[in-house]
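The values are calculated or read from the model by the stated rules, or taken from the named source; none is laboratory data. Predicted model, so just to flag it, every value in this text is computed and none were measured. Neighbour counts are summed over all protein chains in view; Cβ atoms, including those assigned to glycine, are modelled from backbone coordinates with ideal geometry.
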Amino acid sequence: MTNTLLFIVLPYLAVFACVIGSIYRTRKEPMSYSSLSSQFLENHGLMWGSLPWHLGILLILLAHILAFVCPGFWQTLTSNQVLLLSIEAAGFGLSILCLVGLVILAIRRLTSPRIQAVTTPMDLFVIALLLAQVALGAAMAVHCKWGSAWCSGTTTPYLWSLLLFQPDLSTIEDLPLIAKSHIVCAWLFILIIPFSRLIHLFAVPLEYLFRPPQNVVWNNSRKLKEECSAFVAEDTRRHFLKAALGIGFGAFLLSVGTLNKVFNFFFGPRLSKKEETELMEVKLAHLESTVDQRKLELERQASNYIMVAALSELNQSSGKYFIDYQMQPAIAFKGKDGLPLLISAKCTHLGCTVGNKVDEQGRILCPCHVSYFNIETGQPNAEAPAKAPLGHLSWVIMDERGSILASRNLEGKTACSVNQQALANGKVYIAKSQEDKT
Amino acid sequence: MDIRAQVSMVFHLDKCIGCHTCSIACKNVWTDRPGAEYMWWNNVETKPGTGFPTLWEDQSHYKGGWELKGNDSNKKLQLKSQNKIDSFLKLFYNPNQPGLEDYYEPWTYNYANLFEAEAGDDQPTAIPVSLITGEPMEIEAGPNWDDDLSGSTLYAENDINLEELSEEEREQLFEIERVSMMYLPRICNHCANPSCVASCPSGALYKRGEDGIVLINQDVCRGWRACISACPYKKIYYNWKTGKSEKCILCYPKLETGQIPNCFQSCVGRIRYLGVLLYDADRAAESMKVPDKALVESQRTAFCDPFDPKIIEAAKANGISDEFIKAAQLSPVYKYVMKWKIALPLHIEYRTMPMLFYVPPLLPVMGKMANGIYTNAMENFFTSLDKSRLPMKYLARLFSAGNEDIIEYVMKKLMAVRYYKRSLDMQDIDLVMMNKMMREGGTTPAEAEEIYRLTAIPTIDQRFVIPEIQREESIESSCNPEICKGSCGIGITQPPARGF
């Protein structure tokens with residue numbers, strides 16, 4: 001509970017207050033936004049206090065930020081023994097430098113009557129908090145050695161978890177009390193920025209590096225003129241930026257597919273061992289079934305006859321589907337003469353498979369667009385969308401020994417042995433035609 | 001050509017009596033408040049002397065103004081106090097900044113004690129109390145501590161402008177009973193090439209385009225104090241209470257309504273003149289890139305003739321109104337600086353192109369007592385210049401960056417004017433003699449008459465030619481005057497609005 005308060009609630013509160021408070025104060029209370037220097041009132045102590053303090057704390061903060069922002073780079077640095085030793089030594093040295101500066105500043109503030117005239121209770125709190133924070137930092141350098149190395153496994157992930165709104169205290173729970181206090185003090189420090197003189201952190205005058213030496217403000221018609229020309233320049237720039245952005249974004253969208261592939265190749269999700277095995281199994285099964293099908297096809301192509309059914313299995317009312325040499329569906333019936341009647345089941349209209357049930361008028365129906373085909377002739381009915389007749393297939397009937405009992409060629413010529421008994425026991429085949437053989 | 005108008009000033013030092021009325025007029029209106037007690041936007045110094053703050057002219061310590069750097073073909077001006085990089089280090093501690101000791105600790109007296117003291121044997125006293133700490137204090141310095149040489153030559157001897165004087169000359173200068181002095185009233189020079197503006201890290205300082213007044217935006221100032229060391233005249237003061245810097249504002253709220261600035265209006269000796277000068281802003285920094293001794297002449301090349309139609313056209317293109325141009329034509333400053341060339345800038349070797357000019361004081365040995373009789377050797381009128389009580393070298397160091405020829409020219413002209421007037425009143429000089437004087441003084445009777453009129457008997461309208469600045473109309477062109485109505489002075493700078 002305490003941990004949640006100090007390491008999750010406090011940080012968010014502090015950063016929120018700091019951002020909102022600082023924006024409010026810098027915008028709405030500019031008269032209170034100053035470095036509040038007291039060099040004018042006391043010169044000597046300030047030099048010995050302010051210079052070491054500011055230089056020390058700047059370098060230390062820089063190292064802290066580096067460790068947080070580039071944890072990888074920082075880890076590389078600290079995994080080198082010599083560098084680690086140097087970083088630790090420099091950190092300790094700088095914290096002592098800061099401490100000395102702060103103590104001088106504190107003494108100066110407490111003993112100089114002139115400085116006390118401009119000291120607020122908040123100033124004293126700030127200096128106490130900073131003293132505590134720097135002392136904790138120095139103590140860490142002594143008691144919890146190699147902090148610069150282990151921070152990348154503890155505080156850095158903690159801070160990142162806060163930043164990504166998935167607070168995770170697991171990495172810092174077991175830290176020593178000194179380190180934990182150091183973190184809490186840091187959050188307090190951020191919290192009081194907008195409410196104290198610490199606001200001067202945001203006053204760093206970086207724009208001074210780039211501005212021209214003179215600064216002229218007009219309050220007559222030239223002001224309008226300058227504003228107009230500034231607007232025109234700005235507008236041109238804005239148009240250019242807009243166009244560049246548009247084209248850039250378009251190009252980006254167009255390349256998203258490619259980029260996605262490239263990205264996935266390098267950074268895409270990797271399958272676990274189990275998932276990979278499963279995927280391979282599915283692929284293998286798929287390949288195997290294809291192999292079976294191809295084998296069957298090959299076998300059929302190789303054999304001279306393909307069995308359709310035993311003659312006895314066929315009847316007149318309901319056909320039996322089979323696949324011919326061209327891998328097309330066909331239907332086998334028993335004709336009125338008791339001999340097989342083999343007809344293509346591929347509708348001549350759009351290629352649907354025709355039904356196998358024969359109606360009273362001796363027709364089968366293609367269910368797709370309602371074409372009735374006469375099974376004797378293969379002709380469609382007059383109204384049917386299909387115009388061409390279904391073709392008949394040739395067949396042979398063979399007995400168990402393989403001798404041909406009866407056959408019908410494509411022209412419809414039937415050769416038939418009279419032995420009805422033997423015929424009934426025979427099996428119907430389709431034969432490989434001359435074209436199929438080639 | 002970028003013609004700008006500058007409300008600039010001339011102080012005629014011959015007329016200054018050192019009464020400090022100007023300083024008080026300023027103090028009562030602008031700096032009589034917590035944090036500003038020690039500030040004297042206007043102060044009057046006794047020269048020779050160390051000034052306020054102490055030894056402000058010592059730029060080897062304070063590093064004010066610009067330095068001329070680079071070779072002949074590529075000269076450039078660089079701030080003496082900082083460059084862009086080390087200005088960041090100086091944010092934390094600025095070694096060139098004057099401290100309270102260099103000014104003085106402001107105090108009041110415990111007057112209440114006079115009424116509230118317990119009955120006792122002694123007369124109750126009002127002891128001095130610090131205005132900063134509120135504690136009793138010893139008074140060790142004040143704003144005009146070396147006023148009138150303070151009864152000793154101690155302060156005067158430390159004046160750094162005496163550096164070039166020989167030992168003998170110094171002895172002469174400080175001979176007891178004969179020691180002489182002059183007064184130097186100082187306000188912000190509202191420079192055309194200001195080093196304070198260039199030094200401000202926050203960009204809070206700016207020069208107003210329409211009248212050249214240099215101001216500090218209190219909302220933007222962050223109290224880095226770079227301007228305080230960069231200003232060679234030490235005319236920017238740090239308010240220890242607000243943590244912001246402040247400076248002379250040339251009473252712009254008064255100027256904008258056609259009134260005379262406080263220190264000008266209150267001047268007892270009527271030494272002050274105010275008027276518009278037109279100058280070419282493109283030449284401002286450029287004209288400061290010449291050797292020290294040529295600086296006065298070079299500065300004049302940046303000023304423009306307000307009667308030249310080309311200049312008028314260029315001025316109008318910059319939004320300068322007809323009223324401004326008319327004021328520039330009537331300007332007493334233009335006459336003193338450009339027409340008669342007898343007003344000189346103070347310490348132009350700092351290269352900030354100051355826009356406040358001084359007519360140097362004429363302190364020659366006019367006559368002497370011999371055997372109890374006062375005699376005036378007329379023939380030696382000009383030769384007595386060499387024996388002037390303030391050495392020419394000293395004046396040259398103050399007003400012409402060491403160029404004695406310029407001082408001599410001014411002195412001769414001033415003396416010729418006196419000579420001319422005397423000849424009219426006393427009728428004791430013959431025509432030949434007078435012509436000789438006029439020639440040597442580089443002037444004519446007509447010019448001498450003009451100089452005399454503007455120097456001795458000017459009306460208030462001749463001394464202060466303040467253009468109608470028409471602030472309302474200017475503001476109207478860029479913002480809604482109804483919104484600006486509530487903001488004035490150095491107080492509210494935001495439109496009044498409800499907070500939350």
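Details
- Which numbered condition B:ILE24 misses (of (1) within 27 Å of B:SER287 (Cα to Cα); (2) in contact (Cβ under 8 Å) with a residue 24 or more places away in the chain): (1)
- All positions within the range B:247-282 that are among the acidic types (Asp, Glu) and either modelled with pLDDT of 95 or more or in the same structural domain as B:PRO306 (by TED's automatic domain parsing) (or both): B:ASP280, B:ASP282
- Of the numbered criteria (1) without any contact (Cβ under 8 Å) to a residue 24 or more places away in the chain; (2) within 22 Å of A:THR4 (Cβ to Cβ); (3) not acidic (Asp, Glu), the one A:LEU124 fails is (2).
- Flag for B:THR301 being in a helix (DSSP H, G or I) and not small (Gly, Ala, Ser): yes
- Qualifying positions in the range B:178-216 - touching a residue at least 60 places away in the same chain (Cβ under 8 Å), more than 25 Å from B:VAL465 (Cα to Cα) and facing chain A (nearest Cβ under 9 Å): B:SER195, B:ALA198, B:SER199, B:PRO201
- B:TYR103 being touching a helix residue (DSSP H, G or I) at 6+ places or on another chain (Cβ under 7 Å), closer than 30 Å to A:LEU36 by Cβ and either facing another protein chain (nearest Cβ under 10 Å) or surrounded by fewer than 18 Cβ atoms within 10 Å (Cβ to Cβ) (or both): no
- Considering residues of the range B:21-46 that are part of a loop (DSSP other than H, G, I, E, B) and under 14 Å from the mean Cα position of the chain (by Cα) only, the residue nearest to B:ARG453 (Cα to Cα): B:ASN42
- For the range A:26-39, the count of residues that are touching a helix residue (DSSP H, G or I) at 6+ places or on another chain (Cβ under 6 Å), at the interface with another protein chain (Cβ under 10 Å from one of its Cβ atoms) and of a type outside the set (Ser, Thr, Tyr) is nonzero.
- Residues of the range A:116-140 satisfying the condition of being within 14 Å of chain B (Cβ to nearest Cβ) and farther than 16 Å from A:SER196 by Cβ: A:GLN116, A:ALA117
- Taken together, the residues in the range A:356-396 that are outside any loop (DSSP other than H, G, I, E, B) and free of Cβ contacts under 8 Å to residues at least 40 places away in the same chain amount to 8.
- Scanning the range A:50-63 for residues that are among the small types (Gly, Ala, Ser) and facing chain B (nearest Cβ under 9 Å) returns a single hit, A:SER50.
- Meets criteria (aliphatic (A, V, I, L, M), within 15 Å of B:SER400 (Cα to Cα), at pLDDT below 95 and outside the structural domain of B:CYS191 (by TED's automatic domain parsing)) for B:VAL290: yes
- For first residues located in the range A:153-176 and under 16 Å from A:LEU5 (Cβ atoms), partners that are of a type in the set (Lys, Arg) and part of a helix (DSSP H, G or I) and lie 6+ apart or on another chain with Cβ distances below 8 Å form the pairs A:ILE172/A:LYS180.
- B:GLU118 satisfies every condition listed in (1) more than 30 Å from B:ASP146 (Cα to Cα); (2) in contact (Cβ under 8 Å) with a residue 40 or more places away in the chain except (2).
- Check on A:ILE104, touching a Ser or Thr at 6+ places or on another chain (Cβ under 7 Å) and either buried (at least 18 other Cβ atoms within 10 Å of the Cβ) or charged (D, E, K, R) (or both): no
- Wholly enclosed helices (runs of 4 or more DSSP H) of the range B:158-264 bearing at least 1 residues more than 18 Å from the chain's Cα centre (by Cα) and within 24 Å of A:ARG197 (Cβ to Cβ): B:195-199, B:226-230
- In the range B:52-93, residue surrounded by the most Cβ atoms within 10 Å (Cβ to Cβ) [restricted to those that are in a loop (DSSP other than H, G, I, E, B) and among the polar types (S, T, N, Q)]: B:SER81
- Only residues that are outside any strand (DSSP E or B) and either modelled with pLDDT of 75 or more or not assigned by TED's automatic domain parsing to the domain that holds A:ILE306 (or both) were counted in the range A:402-422, giving 2.
- All positions within the range B:311-353 that are of a type in the set (Val, Ile, Thr) and assigned to a helix (DSSP H, G or I): B:ILE311, B:ILE312, B:ILE325, B:VAL333, B:VAL337, B:ILE348
- Any hit, the range A:36-45, residues being modelled with pLDDT of 90 or more, under 15 Å from A:PRO194 (Cβ atoms) and surrounded by 13 or more Cβ atoms within 10 Å (Cβ to Cβ): yes
- The set of residues in the range B:312-326 being within 14 Å of chain A (Cβ to nearest Cβ), surrounded by 15 or more Cβ atoms within 10 Å (Cβ to Cβ) and hydrophobic (A, V, I, L, M, F, W, C) consists of B:ALA314, B:ALA315, B:ILE320, B:PHE324, B:ILE325.
- Qualifying positions in the range A:198-225 - at the interface with another protein chain (Cβ under 9 Å from one of its Cβ atoms) and either in contact (Cβ under 8 Å) with a residue 40 or more places away in the chain or acidic (Asp, Glu) (or both): A:HIS200, A:ALA203, A:GLU207
- Within the span defined as the range B:215-230, every residue fails to be hydroxyl-bearing (Ser, Thr, Tyr) and within 30 Å of B:ILE457 (Cβ to Cβ).
- Of the helices (runs of 4 or more DSSP H) lying entirely inside the range A:110-159, those carrying at least 2 residues that are among the aliphatic types (A, V, I, L, M) are A:113-117, A:121-143.
- Looking at A:LEU97, A:LEU6, just one residue is modelled with pLDDT of 90 or more, among the hydrophobic types (A, V, I, L, M, F, W, C) and touching a Lys or Arg at 6+ places or on another chain (Cβ under 9 Å), and that residue is A:LEU6.
- Checked against the criteria, B:GLU135 counts as free of Cβ contacts under 8 Å to residues at least 60 places away in the same chain, within 13 Å of chain A (Cβ to nearest Cβ) and farther than 28 Å from B:CYS231 by Cβ.
- Residues of the range B:143-164 that are surrounded by 16 or more Cβ atoms within 10 Å (Cβ to Cβ) and touching a helix residue (DSSP H, G or I) at 6+ places or on another chain (Cβ under 6 Å): B:ASP146, B:LEU149, B:ALA156, B:ASN161.
- Subset of the range A:256-306 [hydrophobic (A, V, I, L, M, F, W, C) and either in contact (Cβ under 8 Å) with a residue 60 or more places away in the chain or in contact with a Phe, Trp or Tyr (Cβ under 6 Å, 6 or more places away or on another chain) (or both)]: A:ILE306
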